[in-house]
Amino acid sequence: MEFIAVILNPSFPFMRNAFLAGLLSSALFGVLGTAVTARRIAGLAGAVSHAVLGGIGMALYLSAAGILPGFPPLAGALIFALLSAALIGVVSLKAKQREDTAINAIWAVGMSAGVLFLAKTPGYTDPSAYLFGNILLISNRDLILLAVLDALTLILTWRFYPQLQAASFDEEFARVRGVPTGAVFLTLLAVTAAAIVLLQTFVGIVMVIAMLTLPAGTAGYFSRSLGGMMLAATLFSAIFSTAGLFLGWTFDVPAGAMAVILAGAIFLASALIRVLLNKKARGKEPLSKTNDPRLG
């Protein structure tokens, strides 16, 4: 009750913004996370999320050095994210055998460029805020951007749901049926890249990929359709983010890290339960005549 009172207290706008950001982020984690998980492109999303540091470092350096005064880190991150997504997408479509090399290269080069830019930025710049995030620093502008991206993501998902579903589960068959799988793939990467830029404020660059995959992975144990998986993943994400904020406020620890730990614990517990249930089901199967040792 005290936690709820703090959220509703106008004297603590940062707590209210953090709570709303968690809910708005849940839609992106749920919908995009499901699409990323179903397409098995978590590695691609991970490379984009880490390459973002290069754009952040570039923006901070250009601004502090007076080359582009006031250049926002968000803009630099978005530029690097979209360029990385486009490069990975083209390599994946045109040279599948080089995909792993491109992913690892962008991952490493992006982060290394960010470290170099930060090292040359006048004054001291702490990269931990960008690597691990701080949801308590969410501003009203961030909430508006999250809401706009939520709306765009939901509209695109609703409009192109059949194509997304077909491309996620049987890409070759979908291509034969005339589904523009390449366009679907590139659009998914672009929207995911934009979401990563905003979501890194919540859990940071290092952890954003975990929240894109863990809630969706947990939802996959309980869902039988792509749409059901999206809804369940969104619900799980909302629970994890709210619980993480509550535990972070209670024990004075980073809320984003708590949300990821909760998501990981629930995912592992769900996986263990699924393994035990499958083992139990196999144990109850009757022996066939050919496998019955009493008939040997």
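For residue 252, all conditions in the list (1) surrounded by 15 or more Cβ atoms within 10 Å (Cβ to Cβ); (2) at positive phi hold save one; what is the number of the exception?
Every condition holds for residue 252 apart from (1).
Tell me, yes or no, whether region 88-99 has at least one residue that is under 23 Å from residue 211 (Cβ atoms), surrounded by 15 or more Cβ atoms within 10 Å (Cβ to Cβ) and not hydroxyl-bearing (Ser, Thr, Tyr).
Within region 88-99 (the criterion being under 23 Å from residue 211 (Cβ atoms), surrounded by 15 or more Cβ atoms within 10 Å (Cβ to Cβ) and not hydroxyl-bearing (Ser, Thr, Tyr)), the answer is yes, since at least one residue qualifies.
Looking only at helices (runs of 4 or more DSSP H) that lie completely in region 116-226, which have at least 2 residues being in contact (Cβ under 8 Å) with a residue 12 or more places away in the chain?
Details: elements: 128-132, 140-159, 161-169, 171-176, 181-220.
Correct list: 128-132, 140-159, 161-169, 181-220.
Can you tell me how many residues within region 73-103 are under 19 Å from the mean Cα position of the chain (by Cα), within 17 Å of residue 185 (Cβ to Cβ) and among the β-branched types (Val, Ile, Thr)?
Total satisfying the criteria: 2.
Tell me, please, whether a residue that is polar (S, T, N, Q) and either touching a Cys at 6+ places or on another chain (Cβ under 8 Å) or within 22 Å of residue 92 (Cα to Cα) (or both) can be found in region 147-156. Working first, answer last.
From region 147-156, those polar (S, T, N, Q) are 153; that's our starting set.
Checking which are either touching a Cys at 6+ places or on another chain (Cβ under 8 Å) or within 22 Å of residue 92 (Cα to Cα) (or both) leaves us with none.
No: zero hits.
Given the structure, is residue 240 out of contact with any His (no Cβ under 8 Å at 6 or more places or on another chain), farther than 30 Å from residue 87 by Cβ and outside any helix (DSSP H, G or I)? Spell out the reasoning first.
On the way: out of contact with any His (no Cβ under 8 Å at 6 or more places or on another chain): yes; farther than 30 Å from residue 87 by Cβ: yes; outside any helix (DSSP H, G or I): no.
So residue 240 fails the test.
Give region 118-150 a look and list any residue that's more than 21 Å from the chain's Cα centre (by Cα), over 16 Å from residue 52 (Cβ atoms) and not hydroxyl-bearing (Ser, Thr, Tyr), or say none. Break it down into steps so the answer makes sense when it comes.
Quick first cut of region 118-150, residues more than 21 Å from the chain's Cα centre (by Cα) only: 118-126, 140.
Those left that are additionally over 16 Å from residue 52 (Cβ atoms): 119-124, 126, 140.
If the condition is that a residue be more than 21 Å from the chain's Cα centre (by Cα), over 16 Å from residue 52 (Cβ atoms) and not hydroxyl-bearing (Ser, Thr, Tyr), then 119, 120, 122, 123, 126, 140 are the ones that fit.
Residue-by-condition table, conditions (1) within 30 Å of residue 134 (Cα to Cα); (2) modelled with pLDDT of 85 or more; (3) in contact with a strand residue (DSSP E or B) (Cβ under 8 Å, 6 or more places away or on another chain):
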residue	(1), (2), (3)
250	yes, yes, no
255	yes, yes, no
261	yes, yes, no
277	no, yes, no
285	no, no, no
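The values are calculated or read from the model by the stated rules, or taken from the named source; none is laboratory data. Keep in mind that what you see is a predicted model, and the values were worked out from it rather than measured. Quick reminder, even Gly has a Cβ in these numbers, built from the backbone with ideal geometry, and neighbours come from all protein chains shown.
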